[in-house]
Amino acid sequence: MRNPRGAIRQIELLSLKNTFVHRIKPLQQFIVTLVFILIITSFDQYSVSQMLPMLLYPAVIIVLGEIPLRFIIRTILPVIPLIILFAIANAFFDKSEWVLLSGVTISAGWISALALVLRSLMTMTAILSFIATAGMNGLFSALEKLKIPDFFITLLAFTFRYIHLLMEEAGHIIRAYRLRSPGQEGISFQNWGPLAGQWFIRSYRRAERIHSAMLCRGLSEKIHQNYHDRAKLVDLTWIFFWCGYFILCRLFPIPLLLSKVTIGTGI
Amino acid sequence: MIPPIINVKDIGYIYPDGNEALNKVSFNVSRNEAFGIIGPNGAGKSTLLQLLIGILIPRSGEIKIEGMPVDKKNLALIRKKTGLLFHNPDDQLFCPTVRDDIAFGPRNMGLNNDEIEICVSQAMEASGTGHLSHRPPYTLSGGEKKAVALACILSMQPEILLMDETSANLDPGSRRQLITVINTLSQTKIIVSHDLDFIWETCSRVMILNKGSITAAGETGLILSDRFLLEHNNLELPLRLQGCPVCGSYTVRG
Amino acid sequence: MLQSFQRSTAFLPEYGFKDSDSLGESASVLAGTTISGLTGSLLTLLIISTVIILIIIYKHWRKRQT
């Protein structure tokens with residue numbers, strides 16, 4: 001597991017790369033990611049194999065965008081126990097029988113659990129890949145172009161910046177505490193209250209100073225995003241290619257068709 | 001007679017906790033002048049800068065920038081004309097890259113992409129930060145952060161620069177670079193610092209603030225060479241005037 | 001036809017738990033627990049891996065060129 005500040009910083013660093021995917025406009029990337037998520041959630045709860053061709057999208061983004069697989073795994077890792085918990089609950093509640101190839105019967109819940117895990121992992125990977133290539137500013141500019149009200153975008157941008165700040169201040173406080181409490185494991189219980197209070201006050205005052213700096217540089221009611229040029233042919237091709245591919249995956253059971261073509265059986 | 005670009009008259013400020021930061025402070029600054037404000041800790045120097053740009057509003061008195069009173073009605077225009085360089089550059093840099101941070105102000109001014117690009121390039125050239133353009137601000141050294149923070153202000157092409165402890169925490173090389181950059185800027189400058197050698201090299205006139213009041217004001221050379229006055233205000237002579245501890249000789253530069 | 005279209009475009013379709021009777025052969029195929037399902041899944045993964053490897057090789061080749 002890793003500290004959230006490190007994860008946020010790594011996302012920002014990754015988004016500064018200059019690869020083919022990074023050059024695609026954030027709005028087009030956002031639309032493709034959104035369509036991917038919508039199609040993934042539209043699959044039947046037992047459609048494990050039919051969902052597999054969708055893996056191509058996150059895999060291609062990771063390779064083309066040069067996103068380290070370790071980064072994806074480390075960022076997703078904290079959420080995995082929660083997904084597994086839901087998946088296992090699914091397996092226990094869905095009691096209908098499912099006959100496997102060998103004649104062994106299992107609860108259908110295990111199949112839907114597998115589908116749930118696959119669905120969640122693919123969705124999270126797609127979102128992370130989008131953020132790691134477009135960056136948070138890319139997300140904000142995509143939302144702005146989609147005419148999402150300025151208030152929500154500003155709120156989101158400030159929240160993101162505030163998380164950064166909270167983590168930084170927490171880091172400073174914990175470092176100062178550790179330096180003055182040698183040999184002590186963690187933070188002693190009686191210090192939790194004062195430290196949390198200090199954390200809040202320091203973060204609040206720092207946030208105020210940053211806000212003042214923003215005001216001094218002409219911030220009004222909204223944060224103006226970095227407008228990119230108009231979409232080029234490659235951006236539009238990107239959308240049409242991927243959306244077309246996702247729709248194909250959704251409408252036709254590609255693995256089944258492949259199996260029919262190769263071994264000539266649909267069963 | 002040319003009217004002053006900054007006119008401060010009898011201003012007073014009391015913090016919500018009852019601490020009186022400024023009391024009947026008055027001074028004028030002429031266009032293109034470099035004006036230094038020195039004084040001990042807690043003298044009200046940073047508060048004064050915040051009042052000049054309208055972050056704080058004075059309890060009494062009046063501040064005018066180019067004849068406009070600093071109030072809510074004029075705030076947007078005053079902030080276009082005035083740039084404040086914060087004491088801690090980390091408070092000022094919040095965008096993912098240096099370029100984004102420098103472009104933040106011009107973008108808020110409603111400029112188009114080409115104009116923003118020109119402002120950013122000019123500011124980076126003036127501050128010597130061109131090579132840092134794609135770096136995230138948190139990966140920069142202290143000196144680089146200060147230079148980028150200065151570029152952020154310069155990109156808005158302000159007529160007045162307010163600088164709060166700009167030379168603090170800089171190594172001698174970065175400090176020297178900063179002095180060179182500041183001396184090439186033609187804008188009106190108000191520089192707050194404890195570094196009296198820095199003030200000596202950058203300002204033509206200086207004012208001493210102590211416990212919220214002005215205790216002295218005048219030509220830099222005159223004020224900074226008055227040992228008694230400085231010591232009375234919890235300051236000491238600039239290093240260049242202290243003489244060599246071995247032979248007692250002086251080397252005065254600037 | 002309309003019904004089949006609706007079924008394929010609906011988000012989270014039939015996300016209720018099904019009776020054992022309703023889980024027919026087609027469900028097993030889509031889940032990939034039949035011979036064709038397993039073969040198809042493996043072939044799909046193979047194709048995706050091939051595409052990814054080709055992209056990696058192309059990127060390396062491009063890097064070497066520059």
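The values are calculated or read from the model by the stated rules, or taken from the named source; none is laboratory data. Note that this is a predicted model, so its numbers are computed, not measured. A quick note on method: Cβ atoms are made from the backbone with ideal geometry, for glycine too, and the neighbour counts reach across all protein chains shown. Just so you know, the surface numbers come from the protein's heavy atoms only, side chains and all, with ligands and any DNA or RNA stripped out. Shrake-Rupley method; radii C 1.70, N 1.55, O 1.52, S 1.80 Å.
Given the -39500 (n - 2.57) contribution per DSSP H run of 4+ residues, what per-residue ellipticity at 222 nm results for chain B, rounded to the nearest 500 deg cm²/dmol?
-10000 deg cm²/dmol
Positive end of the charge dipole of the protein assembly as shown (Lys, Arg +1 and Asp, Glu -1 on Cβ, about the Cα centre): tell me which of B:198, A:64, A:11 has its Cα farthest that way.
A:64
Can you pull the accessible area of residue A:75 for me, 1.4 Å probe, Å² to the nearest 10?
Estimated to the nearest 10 Å², residue A:75 gives 40 Å².
Among B:73/B:146; A:17/B:80; B:24/B:146; A:17/B:81; A:17/B:145, which pairs are too far apart, with a Cα-Cα distance over 27 Å? Numbers along the way, then the final one.
On the way: B:73/B:146 31 Å; A:17/B:80 33 Å; B:24/B:146 32 Å; A:17/B:81 36 Å; A:17/B:145 22 Å.
Going by Cα-Cα distance, B:73/B:146; A:17/B:80; B:24/B:146; A:17/B:81 fall outside the 27 Å limit.
Accessible area drop of at least 50 Å² (1.4 Å probe, protein heavy atoms): which residues of the stretch B:50-92 qualify, relative to the chain alone?
B:79, B:86, B:91
What does the convex hull of the Cα atoms of chain B come to per residue, in Å³, rounded to a whole number?
Values: hull volume 35.9 nm³, N = 254.
Each residue corresponds to 141 Å³ of Cα convex hull volume.
State log₁₀ I(q)/I(0) for the protein assembly as shown at q = 0.09 Å⁻¹ as given by the Debye formula over alpha-carbon point scatterers of equal weight, solvent excluded.
Those come out to -0.84, one per q.
Specify the residue with the greatest mean-square fluctuation among A:202, A:178, A:23, computed from a Gaussian network of chain A linking alpha-carbon atoms under 10 Å apart.
A:178
When only the heavy atoms of the protein chains count and the probe is 1.4 Å, how do C:62, B:175, A:175 rank by accessible area, highest first? Could the numbers behind the result be given before it?
Values: C:62 120, B:175 45, A:175 145 Å².
Largest accessible area first, the residues go A:175, C:62, B:175.
Using only the heavy atoms of the protein chains and a 1.4 Å probe, how would A:37, A:163, B:223 rank by accessible area, largest first?
On the way: A:37 40, A:163 65, B:223 15 Å².
The most accessible residue leads, giving A:163, A:37, B:223.
Mean Kyte-Doolittle of at least -0.5 and a Cα length of 18 Å or more along the axis: which whole DSSP H helices of chain A meet both? Walk me through the numbers before you get to the answer.
Working: long enough: A:26-42 (24 Å, 1.92); A:80-93 (20 Å, 2.45); A:108-145 (43 Å, 1.19); A:150-179 (43 Å, 0.69); A:192-216 (36 Å, -0.24); A:233-251 (27 Å, 1.56).
Counting only whole DSSP H runs, the qualifying helices are A:26-42, A:80-93, A:108-145, A:150-179, A:192-216, A:233-251.
When you take every Cα atom in the stretch B:1-144, what is the radius of gyration, and what is Dmax, the widest Cα pair distance, in Å?
When restricted to the Cα atoms of the stretch B:1-144, Rg and Dmax are 17.5, 49 Å.
Can you give the Kirkwood hydrodynamic radius of chain A from its Cα pairs, in Å with one decimal?
Values: mean 1/r = 0.0456 Å⁻¹.
That comes to 21.9 Å for chain A.
What's the extension gain from residue A:34 to residue A:179 if we count 0.36 nm per residue and subtract their Cα-Cα distance?
Details: separation 145, 0.36 × 145 = 52.20 nm, distance 4.62 nm.
Going from the current span to full extension adds 47.6 nm.
For B:14, A:73, give me the order by solvent-accessible area with a 1.4 Å probe, most accessible first, ignoring ligands, DNA and RNA.
Details: B:14 60, A:73 90 Å².
Descending accessible area places them as A:73, B:14.
Could you tell me how many cubic angstrom of Cα convex hull volume the stretch A:132-180 has per residue? Kindly include the intermediate steps, with their values, before the conclusion.
Numbers: hull volume 2.8 nm³, N = 49.
Per residue, the Cα convex hull of the stretch A:132-180 comes to 57 Å³.
Within chain B, what percent of beta bridges assigned by DSSP are antiparallel, to the nearest 5? Provide the component values of the computation, followed by the final result.
Values: 19 of 36 bridges.
For chain B, the DSSP antiparallel bridge percentage is about 55.
If each of residue A:89 and residue B:68 carries a label point 7 Å out from its Cα toward its Cβ, how far apart are those two points in nm?
5.8
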